[in-house]
Structure formats: structure tokens, C-alpha cells
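Notes for the one structure printed next.
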Amino acid sequence: MSVPFIDLKRYEPGFLDNWYEKVQQLSKNTAFIGGSEVATIEENIKRNCQVEYAISCANGTDALQIALRAVGVDRNDFVLLPDATFWATFEAIVNVGANPVPVDISEDDLQMDFDLFVQAAEKYKPKAAILVHLYGWGSSRIEDFRSYCTNNNIKLIEDGAQSYGVNYNNESIYKNALVSTISFYPAKVYGAAGDAGAIATSNEELSSKIRSICNHGRSEHYSYQFVGWNSRMDTLQAAFLNLIQPHLADRIKSRQKSALWYRTELQGSDDFKHIKVPNRYIENGYLNCLIIKSEKRDAICDHLKSKETGFGIVYPEPMSIQLGAQPYLQEKFHNPVALKLSKCVLSLPLFANMTEDELYEVKTVFLEAIEKS
Ligand SMILES: *Cc1c(COP(=O)(O)O)cnc(C)c1O
């Protein structure tokens, strides 16, 4: 039995019929930009994320660039980010003309290391920082990051591309952020039928600046207060996400159940362990994340491949050693933990509506792979 790493085709009964009908209706009315679907998704995001303002945009990378611009990041400013993240986080900083400073991660939660962050902040005096909530939880030091940044006038942007549905202290992780960014890329927890993104904040001034930047820096229809962007979530994407909304809680529950199943059924050993979800968090089940003995990982992957069991390596290399990063780095960054862990991470299949048979199959094949490696 083969098990894919991710399967996005497990629609709820009737979902596709509703979608086809929606596409027909929107197409008939040429309702392609803006309108009530976009207004509704923004209301849904506000409610889900417990924030005062949600501004939809074209994708999660744009969301980061727009947030950086909105908090005032300018040419040659320094911006701190974790060295282990998706490339878009790094790219966004460069694309607004700023200098990225990659900071090493913590071995305990795989998120940016707070103590090293403080050291880097003292050295570089950054205008802003991006804290990334990876794998379906966030940093155990999230409150330290937030208060340090507030006290030192560093604008903290939280890259929440992977954290839709993550709770911290029984509230949405987005709730107490200055500004967070969201991606609705199809493979994310809340996935669209293409690209889409959003920015969430409870700061009114920031929200109006963000809305204007997303819309060419407009103040009125043909008046522009600054050079912005064209970054809109199109109506079809908004409509697709609105159709998912009644199923979203169940999709997240299903992911959380499978994530927990792996944690209980696959007891760690000398060869592998789970990353523990930090205290006060409820994970959203975005990703399973195992730490494997690095010298065994290739053999384990080979066995999984031979049995058609999907897996992912998220992420195989830190940002600071990417070829494309070199022209933008101030110095050679040696981030030993990010480098070491990139050789150890392995993710097993995890998506909404996985079956119990699939989970058992993954367990069996994975344990065989460990045995053989
Ligand atoms: C997916 C992702 C992004 C980019 O989102 P897109 O919608 O694909 O542009 C940014 N940061 C992280 C951590 C991501 O996982």
C-alpha cells in the first residue's frame, strides 16, 4: 500500500459540487476581483486568528514583503530571521532592499534561538525581525521575543505561514503579535485553489498602511501616497477558502489526531525522536517532524521510497549556506545547530483525513526502515 506525503484530494462529500457551482456563478457575474467573497474571507480570518484587522493579499511571500514595508523597513536596514525556514522569509527581506541576518535555531523547539537573537540584535541594531512559527507550533520563548522587540523598538513580524490553527495559551498564536503573515498555498493547513495570503494585525495604523500598500499605495482611486504593490487575493481564491471554512476545524482536528498518533505510536529510540511541542502550545498538525541519526537518514529514506511511503526533508539546508544568499550576507554566518539539524530532520506523511490504515502502514514501513538502517 502506498501512502503519499500529502494528499490534497480528500475533499468532504459535496465540497467539489459546491465549488463547481460557485465557479459558475462567479464566472457568469465576472466577479473576479474583490466583492463579498473577499470581504467574507477577511472576516473569517479575523475571527479565526482573533485579530482586529485582516488584509488579504496574493500569497504568503507578498504578505512578508508588505509587512516589512508597513513597519518601516527601508534600504540597508538589518532584519533578523531564523536560519532554518523556507526561503521566502529570506527573500522577502532582500526584496525590500534590507539586509538579512540569519540567527541559529534552538535544538529543543527548532525555532529561532532567543539568546542568540539578543546577541545578534545588540550587534546589528535591526529595524525589524521575522520570527517564523515552523512545523505547526512556535517558539517556547515567544513572549520573550515579543517583549524584547517591543522594549528595543524592533518591529517583530511573525511569519505564520505554517501556523494557522496553532494555539498558544488557548488563544490563536496570531492574537498577540504586532503583525503576522499567513499563506494559503494549497499545501498549507488552510489551502486555497492556487496562491493566496493575508496579513493579520490588531494595530489600526499598521492595518491601513498595509491595505494601501497592497493596493498600489493608493489614498484615493488615482492618488498614491507611496509606491506600493499590486497584491490582491482574487475572488475565486477567497470563495474556495470560504467554502472550506465550515470544514476547517475538522480538518485541523484530523491533522492533530494523526500528529498525536505518531507521537504515541512511534516511541523514540537511539535512532530517532520527536520534537516535543513546547509548553502552552497546541499544535495544528501541519507537519510531522522527526529527528533521525544523520548517518542513518539516507538508508531510511531509501527504504521508505522502496515501499512507496512518502516523506519530506524540511528543510535540507539552512538559509545562510544557499548560493543565492551569499551576496546579501554581512559576514559568513556559522549556525551549527541549524546545519546539524538540517541533516537529521525527516517528516512522515501528515495531512487532513488520513486513514488509520495509512497511519499503520507508515508506522510499519518506518520501523522496518529503522531496523534495516
Ligand atoms: C509557505 C511559506 C511561505 C510563503 O508562502 P507562499 O504563499 O507560498 O508565498 C513563507 N514562509 C513560510 C515559513 C512558509 O512555509
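Spot the failing condition for residue 201; the list is (1) of a type outside the set (Phe, Trp, Tyr); (2) more than 16 Å from the ligand (Cβ to nearest atom); (3) under 20 Å from the mean Cα position of the chain (by Cα); (4) within 25 Å of residue 256 (Cα to Cα), and only one is missed.
Status for residue 201: all satisfied but (4).
Can you name the condition, by its number, that residue 276 falls short on among (1) under 22 Å from the mean Cα position of the chain (by Cα); (2) open to solvent by less than 50 Å² (accessible area, probe 1.4 Å); (3) among the charged types (D, E, K, R)?
(2)
Being away from the ligand (no atom under 16 Å from the Cβ) and within 16 Å of the chain's Cα centre (by Cα) narrows it down to one of 172, 183, 163, 140, so name that one.
Just a single option satisfies the conditions, and that option is 172.
Can you pull out the residues in region 121-137 that are in contact with a Leu (Cβ under 6 Å, 6 or more places away or on another chain) and either open to solvent by 20 Å² or more (accessible area, probe 1.4 Å) or away from the ligand (no atom under 15 Å from the Cβ) (or both)?
126
Looking at region 350-373 only, could you name the residues that are within 14 Å of residue 300 (Cβ to Cβ) and assigned to a helix (DSSP H, G or I)?
Matches in region 350-373: 362, 363, 364, 365, 366, 367, 368, 369, 370, 371, 372.
Here's the yes/no breakdown for (1) farther than 23 Å from residue 237 by Cβ; (2) at pLDDT below 95; (3) of a type in the set (Ser, Thr, Tyr):
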| position | (1), (2), (3) |
| --- | --- |
| 148 | yes, no, yes |
| 151 | yes, no, no |
| 160 | no, no, no |
| 164 | no, no, yes |
| 181 | no, no, yes |
| 186 | no, no, no |
| 192 | no, no, no |
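Do any strands (runs of 3 or more DSSP E) lying entirely in region 157-225 carry at least 1 residues that are open to solvent by less than 20 Å² (accessible area, probe 1.4 Å), and which ones are they?
Once the strands (runs of 3 or more DSSP E) in region 157-225 are filtered for at least 1 residues that are open to solvent by less than 20 Å² (accessible area, probe 1.4 Å), what remains is 179-183, 197-201.
Which members of region 350-367 meet the condition of being of a type in the set (Val, Ile, Thr) and open to solvent by 10 Å² or more (accessible area, probe 1.4 Å)?
355, 364
As an exercise: evaluate residue 118 against (1) touching a residue at least 40 places away in the same chain (Cβ under 8 Å); (2) away from the ligand (no atom under 13 Å from the Cβ); (3) of a type in the set (A, V, I, L, M); (4) not in a strand (DSSP E or B) and give the number of the one condition it does not meet.
Evaluating residue 118 over (1) touching a residue at least 40 places away in the same chain (Cβ under 8 Å); (2) away from the ligand (no atom under 13 Å from the Cβ); (3) of a type in the set (A, V, I, L, M); (4) not in a strand (DSSP E or B) leaves (1) as the failure.
Condition check: touching a helix residue (DSSP H, G or I) at 6+ places or on another chain (Cβ under 7 Å) and touching a residue at least 60 places away in the same chain (Cβ under 8 Å). Does residue 279 satisfy that?
no
Residues of region 143-160 being more than 21 Å from residue 38 (Cα to Cα) and within 13 Å of the ligand (Cβ to nearest atom), which ones?
Scanning region 143-160 gives 157, 158, 159.
Take residue 291 and decide whether it is among the β-branched types (Val, Ile, Thr) and either within 16 Å of the ligand (Cβ to nearest atom) or in a strand (DSSP E or B) (or both).
Yes; evaluated as a whole, the condition is true for this residue.
On the basis of being assigned to a helix (DSSP H, G or I), at pLDDT 95 or above and not acidic (Asp, Glu), does residue 296 make the cut?
Judged against the criteria, residue 296 is a match.
Which of (1) open to solvent by less than 60 Å² (accessible area, probe 1.4 Å); (2) outside any helix (DSSP H, G or I) does residue 332 not meet, given it meets every other one?
Against the list (1) open to solvent by less than 60 Å² (accessible area, probe 1.4 Å); (2) outside any helix (DSSP H, G or I), residue 332 comes up short only on (1).
Need a quick list: helices (runs of 4 or more DSSP H) entirely within region 1-96 having at least 2 residues that are within 13 Å of the ligand (Cβ to nearest atom) and open to solvent by 60 Å² or more (accessible area, probe 1.4 Å).
It comes to 87-95.
Going residue by residue through region 121-133, is there one that turns out to be part of a helix (DSSP H, G or I) and in contact (Cβ under 8 Å) with a residue 40 or more places away in the chain?
Yes, region 121-133 contains at least one residue that is part of a helix (DSSP H, G or I) and in contact (Cβ under 8 Å) with a residue 40 or more places away in the chain.
The values are calculated or read from the model by the stated rules, or taken from the named source; none is laboratory data. Keep in mind that this is a model prediction, so the values were computed, not measured. Heads up, the Cβs are rebuilt from the backbone with ideal geometry, glycines too, and the neighbour counts pull from every protein chain shown. For accessibility, only protein heavy atoms count, side chains too; no ligands or nucleic acids. Shrake-Rupley method; radii C 1.70, N 1.55, O 1.52, S 1.80 Å.
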